[in-house]
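Provided herewith is a single structure, encoded as structure tokens, for subsequent inquiry.
The values are calculated or read from the model by the stated rules, or taken from the named source; none is laboratory data. Small disclaimer: the values here were computed from a predicted structure and weren't measured. All Cβ positions, glycine included, derive from the backbone under ideal geometry; neighbour counts span all protein chains shown. Keep in mind that these areas ignore ligands, DNA and RNA; they rest on the heavy atoms of the full protein, side chains included. Shrake-Rupley method; radii C 1.70, N 1.55, O 1.52, S 1.80 Å.
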Amino acid sequence: MLNIEELLEEDRNAPLASPFRYGYQFDVDLSLQNSGGWINLENGDRLWRLTIKSPGALALFFKCDQFYLPDGAQLFVYNEDESTILGAYTNANNKPSMSFSTSLIKGHIIHLEYYEPYSVYNQGIISINAVIHDYRDLFNLTEKNRDEACGYNVSCSESNGYELQVNATSYLDMNNGYICSGTMLNNALNNYTAYYWTAWHCIHNVNPDDFEDFKFYFDYETTNCENSSANP
């Protein structure tokens, strides 16, 4: 089990201008061949199920270094009480790099369920190489009242008149347990080209091959103005 106090102490002593760490990455080797279990259905189709647990995690997500879903196959990911269900992921989620990752799911247990039709038997590839353990509750999924005193809550009246800026701002999740912030920018042509502006220190150590796995979280503010925290 992770020593959270030790991680928080590391975070407090991190170099200035470091990305904000919210999760610890466990390197793993979980695949259709070496983990989980298969269920054969009467019509020849089959299901693969895998449960991932990380005690103490407030949320989890996983990354794949090899991911390919054939036509007709589906992948669902959900937490223990099924309050969050992601999917169905299909062959529309395949990428030339064969990488894949999910967004954060509340809780310390997540379940994967992969459905494979008989017509594409043994063609699917799911190879999980990392699990990220959220120890800070990045999106306040536990709904605890947090006051981090880092600025005005954008749900408060102080943000009136800045709605466009608020809507353009997001978390940038570098897919490794670290986040930064950033914003969408227009250009002089006003042609809606999707430029995203963030800090150099957030990305200068990131392999460019990993850029396509970045996640952008918009609209993450609180639903009310009960404290001064600018975080979700």
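At SER97 and LYS53, where each label point lies 7 Å from the Cα along Cα→Cβ, what is the point-to-point distance in nanometres?
3.3
Follow-up. Return the long-range amide H neighbours of ASP45 (sequence gap of 5 or more, or a different chain), with a cut-off of under 5 Å between placed amide H atoms.
Amide H neighbours of ASP45: TYR118.
Let me ask you something else. For the range 150-195, calculate the relative contact order in percent as a whole number, restricting contacts to Cα pairs under 8 Å that are 6 or more residues apart.
22
Just need the relative contact order of the chain here, percent rounded to a whole number, with Cα pairs under 8 Å and 6+ apart.
Computed value for the chain: 24 percent relative contact order.
What accessible area, in Å² to the nearest ten, does a 1.4 Å probe give for THR169?
Near enough 50 Å² of accessible area.
Leaving ligands and nucleic acids out of the surface, order LEU164, LEU60 by accessible area at 1.4 Å, largest first.
Result, largest first: LEU164, LEU60.
Right, something else. Provide the net charge surrounding CYS64, with neighbours chosen by a C-beta distance below 11 Å and charges set as Lys +1, Arg +1, Asp -1, Glu -1.
0
With n ≥ 4 as the cut-off for DSSP H runs, can you work out [θ] at 222 nm for the chain, using -39500 (n - 2.57) per run divided by the number of residues, rounded to the nearest 500?
Calculated from helices alone, the mean residue ellipticity at 222 nm is -2000 deg cm²/dmol.
Probe 1.4 Å, all protein chains in place: accessible area of SER157 in Å², nearest 10?
Answer for SER157: close to 80 Å² accessible.
List the aspartates and glutamates whose Cα lies under 14 Å from the Cα of LYS106, skipping any in the same chain that are fewer than 8 positions away.
Hits, sequence-local ones excluded: GLU80, ASP81, GLU82, ASP134, ASP137, GLU143.
Roughly how many Å is it from the Cα centre of the range 90-125 to that of the range 27-64, as a whole number?
9
Tell me the carbon and sulfur percent of the accessible area for the range 1-115, rounded to whole percent, probe radius 1.4 Å.
Solvent-exposed carbon and sulfur of the range 1-115 make up 50 percent of the total.
Given the protein chains as shown and a 1.4 Å probe, how many square angstrom of PHE218 are accessible, to the nearest 10?
We get 80 Å² for PHE218.
If the viscosity is 1.306 mPa s and the temperature 10 °C, what Stokes-Einstein diffusion coefficient in µm²/s follows for the chain when Rh is the Kirkwood radius over Cα pairs?
The calculation lands on 81 µm²/s.
By how many nm would the segment from TRP197 to TYR162 lengthen if fully extended, with 0.36 nm per residue of separation less the alpha-carbon distance?
10.8 nm
Measure off 7 Å from each Cα along the Cα-to-Cβ vector at GLU212 and SER83, then give the distance between these two points in nanometres to one decimal.
The answer from the label model is 3.5 nm.
Name the most mobile residue of ALA130, ALA188, ALA199, meaning the one with the largest mean-square fluctuation, in a Gaussian network model of the chain with Cα contacts below 10 Å.
It is ALA188.
Would you please put 16-23, 39-46, 106-113 in order of how densely packed they are, using the mean number of other Cβ atoms within 10 angstrom per residue and starting with the highest?
Ranking, from highest mean packing down: 106-113, 16-23, 39-46.
With a probe of 1.4 Å, find how much accessible area the range 52-106 has per residue, and write the answer as a whole number in Å².
So the range 52-106 comes to 44 Å² accessible per residue, rounded to a whole number.
How do GLU116, GLU80 rank by accessible surface area computed with a 1.4 Å probe, from largest to smallest?
GLU80, GLU116
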